[in-house]
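The values are calculated or read from the model by the stated rules, or taken from the named source; none is laboratory data. None of the values given here were measured: they were computed from a predicted structure. As a convention, Cβ positions derive from the backbone with ideal geometry for all residues, glycine included, and neighbour counts pool all protein chains shown.
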Number of protein chains: 2
Amino acid sequence: MSNAKLGVEADQVRTDAELSARVALSVVVEPMDTKLAPVIRELGAARAWAAISSNAGGHFDRCQPRVQALDLEQVLWNTHQAGARLLFAGLPGWPPGLDDLEFAPFTLWARGAMADVDWMRSVAVVGSRAATSYGLHVAGEFGYDLASSGYLVVSGAAFGIDAAAHRGALAAEVPTIAILAGGVDRPYPLAHSQLLDQIRATGLVLSEAPPGASPRRERFLARNRLIAAVTAGTVVVEAGLRSGALSSAGHAERLGRVLAAVPGPVTSAASAGTNAWIRDGRAVLVSSAAQCVELVAPIGEGLLAPERDELTLVYDDLAEVPRRVFESLPKLRATTVDRLAVIAGVSGQEVMAALGSLELTGRVERSAGGWRRRPQDAPG
Amino acid sequence: MSNAKLGVEADQVRTDAELSARVALSVVVEPMDTKLAPVIRELGAARAWAAISSNAGGHFDRCQPRVQALDLEQVLWNTHQAGARLLFAGLPGWPPGLDDLEFAPFTLWARGAMADVDWMRSVAVVGSRAATSYGLHVAGEFGYDLASSGYLVVSGAAFGIDAAAHRGALAAEVPTIAILAGGVDRPYPLAHSQLLDQIRATGLVLSEAPPGASPRRERFLARNRLIAAVTAGTVVVEAGLRSGALSSAGHAERLGRVLAAVPGPVTSAASAGTNAWIRDGRAVLVSSAAQCVELVAPIGEGLLAPERDELTLVYDDLAEVPRRVFESLPKLRATTVDRLAVIAGVSGQEVMAALGSLELTGRVERSAGGWRRRPQDAPG
C-alpha cells in the first residue's frame, strides 16, 4: 500500500532526520508537556531531539527513561503492521487546522481508506459518554444530516454521543473520522472495535500517539484539542457541567473555531454544560444539522437553514376590521349584523363591508339566523 | 369591602368625569384599536369620550353600536356584584409598568384579596397551552421557587404553562396574579374556575375588560401586553414557533423588560420557539428560578444563582508531574518506578518525588509489586 498521497514512506522517514525526530518526539514527549514543547518549538524537531536524546546539559532527565526504551525501528515496524501511515506538518494530508495549536502534534498516525480530506467542510460532533437517549438520538441525527449535507463528521469514537455521531454518518454511507487518545491499532473502548473497523473501511482513524500506546486521561484531554483544531467547528450535543466534551469546546473557543451546542431539558444533568455555555454566550444554540452547516459553511457557500415552519392561521391575511368581525362570529351559531357590531366594536356599515369580503373569500356564509362561519373555517 | 386602597369607590367614579370616561372607553373601545387609541391619547379620556359618544364629525361611526348599548350604571353594578374594584392610572394600585405601553389600558378591574403589590419584584411566567410534561414540571418548579424567593408570579391562568406556574406559587403559599382576557367574573378557561378562586383568595385576578366580557382571540393578544408590562421580566417556559406566549415575549422585548426563556429538547416542537429566541439572542437562557431572579432583581439586591455544582476529581489539585505519575499507575496492579518513568514520560527522580507526595496525601501506597493506587482512589 502506498502512503505517498497522505504522508511519506517509512523509508523516507528513516533518511530524513527531521521527520524521524518528529516520530521519536511523539513517542518520548507527552503532547502537551508545558516544559518541553516551547523548547522543541524553539529548536525544531531535529535539534530538539538531538538535545533530548543526549540529555544535553542534564536538562532532559525526565525524558531519559523513555529515550532509553525507544526503538524507532520497532515504532516504524508497528506502524507498518498496523496498516497505518504517518502524517507530518508541511506535507500532504496534514490537517491545516493543527497549525493553529499552541501544542501541535509532532506527527499523526492515520489508518483507514480515506485519502483526500476536505477539512474546511468538517464538523466535530462531541458530547458525554453518559449520554441520554435524547442526546444519542440528536447525535445520530446530526451525524446523518451533516454527512448527507456533504460535511465530514469528526469525533472521538467514545461511548455515548461520539459513537452515535459516527454511526449517524455511517448510516448515511459517508466516511467519518475518529481521533483516538491511544494508538490507532488500539481500539478504544474495546466494545467499539467493530465501529472503528467500520470507520476505517471508508474513513480514517487518527492519533498522535504511536501504535501500541494505551489511552490515558491526559491523552484524552490532549486528543480533544486535535478534534477541535482539525475541524471548521464543534458542536456539543450533550455535556454535563464537568464533561470532557467541554474541553473540546474550550479548545474550539480558544482556536476561534465555530462553537455550537444543542440545548436540552434544564432538568437533565447531561445538558447542564451545553445549556450553561449557550447561556454564557460561549456556544451558539443549534437545533439542527442545517443550523450547524449555516455556521461553519465557507462564506458564500452557506446553505441557509430551512425557514421555520410558520403555520398560517385562517385570519392571518385579514385586515383589522374583517378580522375583528370574523373573530366575533360565534363558533357554531349564526348571528346578526347589529350584534356583530357590538361584539366587534365597529360600526354596522363596517360589519357589512367586512362580511361582504369574508363571504367572497369563503370564510362566512348567510343562513336563516344571520351570518355564520363556514364550517371548514371553524376551529376544532 | 373598601376599595380605597387599590382604586376608587364606585361613587367617586360617577362624580369624576375623567374616571367614568375611562370606564366607558374600556367598554366601547377595543384595547389596541390603532385608529382610536391615538385620538384618545391626544384628547384625554373625558374629551375623547365626549367626542366618541356624540359621534363628533361622524368620525366615530364604528363606536356607535357599543355606545348605544352602553349602560355605565350597569357596568359599575356588575363590578360591585363581581366583588371587583377599579384601578386607574395615576391612582394607588395601578401597576406603574403599564405607563410604558403604547396602548395603555383605560382602566383595570381587580378582584382578589391582595392589596399591596410590589411590581418591581414580579416575574411573568408564560408558555404554551399545549405544554409537555417537561414544560409543566419546569413551570411548576419556577412558580414555586420564584414565589419562595419573594417574587410575585404573574401569568394568564391558561391551560398548560400558565396554570402550572400559578399552582407552583400557590404550593409555596405565596399570592400570585392572573391577568385575564375576559372579565374578572368570567373564569376562563372554565376548567380553571377553582384555580382562579384559589388565586383570588390571596392574590389578584386582573383584566382590562369589563365584567361579563367574554375572552376573544384579539383580547388574548391584548392581554399578553399587560402581562409583559406589569412585570420586571418575562420567562417563557415552553413555546412553539407560533405560540401566543411569544407575543408576551415580544411585548417584553419591545418594552425593554428582561426576557428569559427555558431551553428544551430540539426534538420537542413545544420548545422550538424558546430555543429559537435564545439562539437569536432575543431571550436569555435560564435553567432555574434563581437565574431568573438574578436577571430581574433590582441592582444591588440580586441574589446570585448558586454556583454550579463542580465535582472535584481526585487529581484536580495535583501539579502536572504528580498528576502524570498518578494517571500512569495501573488501576489495580502495582508497578515499579522505572516503569512509571516510561509511562509518565518523566525522569525516575521526578517519579520518586511525585510518589512521595502522593503517598503523603494518601493517594498511593507501596506494596509487594511496587507502587499502586490506594483502593479508595481507584475509579469505579
Does B:ARG339 qualify as being within 14 Å of chain A (Cβ to nearest Cβ), free of Cβ contacts under 8 Å to residues at least 12 places away in the same chain, assigned to a helix (DSSP H, G or I) and under 17 Å from A:PRO215 (Cα atoms)?
no
Tally the residues that are surrounded by fewer than 21 Cβ atoms within 10 Å (Cβ to Cβ) and either of a type in the set (A, V, I, L, M, F, W, C) or within 19 Å of A:ALA115 (Cα to Cα) (or both), restricting the search to the stretch A:149-167.
2
List the number of the failed condition for A:GLU218; all other conditions in (1) under 25 Å from B:PHE326 (Cβ atoms); (2) touching a strand residue (DSSP E or B) at 6+ places or on another chain (Cβ under 6 Å) hold.
(2)
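How many of the residues in the stretch A:92-110 are out of contact with any Gly (no Cβ under 6 Å at 6 or more places or on another chain) and either surrounded by 24 or more Cβ atoms within 10 Å (Cβ to Cβ) or not in a helix (DSSP H, G or I) (or both)? Give the derivation first.
Filtering the stretch A:92-110 down to residues out of contact with any Gly (no Cβ under 6 Å at 6 or more places or on another chain) leaves A:92, A:94-110.
Checking the rest, the ones that are also either surrounded by 24 or more Cβ atoms within 10 Å (Cβ to Cβ) or not in a helix (DSSP H, G or I) (or both) come to A:92, A:94-95, A:101-110.
Counting residues in the stretch A:92-110 that are out of contact with any Gly (no Cβ under 6 Å at 6 or more places or on another chain) and either surrounded by 24 or more Cβ atoms within 10 Å (Cβ to Cβ) or not in a helix (DSSP H, G or I) (or both) gives 13.
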Residues located in the stretch B:163-178, provided they are touching a Gly at 6+ places or on another chain (Cβ under 7 Å) and closer than 16 Å to B:ASP197 by Cβ
B:HIS166, B:ARG167, B:ALA169, B:PRO175, B:THR176, B:ILE177, B:ALA178
Verdict on A:LEU170 being crowded, with 19+ Cβ neighbours inside 10 Å and touching a helix residue (DSSP H, G or I) at 6+ places or on another chain (Cβ under 6 Å)
yes
Test: B:ALA261 is without any contact (Cβ under 8 Å) to a residue 60 or more places away in the chain and of a type in the set (A, V, I, L, M, F, W, C)
yes
Kindly indicate whether any position in the stretch B:251-270 is surrounded by 23 or more Cβ atoms within 10 Å (Cβ to Cβ) and among the polar types (S, T, N, Q).
no
A careful count of residues in the stretch A:44-85 that are under 35 Å from the mean Cα position of the chain (by Cα) and not small (Gly, Ala, Ser) gives 8
Can you find, within the stretch A:48-81, the residue that is farthest from the other protein chains (Cβ to nearest Cβ) among those that are more than 13 Å from A:ALA21 (Cβ to Cβ) and outside any helix (DSSP H, G or I)?
A:ASP71
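Does the stretch B:323-334 hold any residues that are touching a helix residue (DSSP H, G or I) at 6+ places or on another chain (Cβ under 8 Å) and either facing chain A (nearest Cβ under 8 Å) or not in a helix (DSSP H, G or I) (or both), and which are they?
First pass over the stretch B:323-334, keeping only residues touching a helix residue (DSSP H, G or I) at 6+ places or on another chain (Cβ under 8 Å): B:323-329.
B:ARG323, B:ARG324, B:GLU327, B:SER328, B:LEU329 - these are the residues of the stretch B:323-334 that are touching a helix residue (DSSP H, G or I) at 6+ places or on another chain (Cβ under 8 Å) and either facing chain A (nearest Cβ under 8 Å) or not in a helix (DSSP H, G or I) (or both).
Yes/no per residue for (1) in contact (Cβ under 8 Å) with a residue 40 or more places away in the chain; (2) within 13 Å of another protein chain (Cβ to nearest Cβ); (3) farther than 20 Å from A:LEU98 by Cα:
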position	(1), (2), (3)
A:SER214	no, yes, yes
A:ARG217	no, yes, yes
A:ASN224	yes, no, no
A:ARG254	no, no, no
A:ALA269	no, yes, yes
A:ALA272	no, yes, yes
A:ASP280	no, yes, yes
Which of (1) over 25 Å from B:VAL153 (Cβ atoms); (2) modelled with pLDDT under 70; (3) of a type in the set (Val, Ile, Thr) is the odd one out, the single condition B:VAL325 does not satisfy?
(2)
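Residue check: is B:ALA37 in contact (Cβ under 8 Å) with a residue 12 or more places away in the chain, more than 14 Å from every other protein chain (Cβ to nearest Cβ) and not β-branched (Val, Ile, Thr)?
Numbers: in contact (Cβ under 8 Å) with a residue 12 or more places away in the chain: yes; more than 14 Å from every other protein chain (Cβ to nearest Cβ): no; not β-branched (Val, Ile, Thr): yes.
Taking the combined requirement at face value, the residue does not satisfy it.
On the given criteria, is A:ALA56 of a type in the set (Gly, Ala, Ser) and either surrounded by 14 or more Cβ atoms within 10 Å (Cβ to Cβ) or at pLDDT 90 or above (or both)?
On the way: of a type in the set (Gly, Ala, Ser): yes; either surrounded by 14 or more Cβ atoms within 10 Å (Cβ to Cβ) or at pLDDT 90 or above (or both): yes.
Here the answer is yes, as A:ALA56 does meet what is asked.
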Give the residues of the stretch B:108-130 that are more than 13 Å from chain A (Cβ to nearest Cβ), aliphatic (A, V, I, L, M), within 24 Å of B:PHE220 (Cβ to Cβ) and over 13 Å from the mean Cα position of the chain (by Cα), sorted by residue number.
B:LEU108, B:ALA110, B:MET114, B:VAL117
Does the stretch A:52-64 contain at least one residue that is touching an Asp or Glu at 6+ places or on another chain (Cβ under 6 Å) and not acidic (Asp, Glu)?
yes
What is the one condition in (1) under 21 Å from B:VAL296 (Cβ atoms); (2) surrounded by 22 or more Cβ atoms within 10 Å (Cβ to Cβ) that B:GLY281 does not satisfy?
(2)
So how many residues does the stretch A:19-47 have that are in a helix (DSSP H, G or I) and either of a type outside the set (D, E, K, R) or at pLDDT 90 or above (or both)?
19
For B:ALA276, are the conditions met, namely being at pLDDT 95 or above, touching a Lys or Arg at 6+ places or on another chain (Cβ under 8 Å) and closer than 22 Å to A:ALA260 by Cβ?
yes
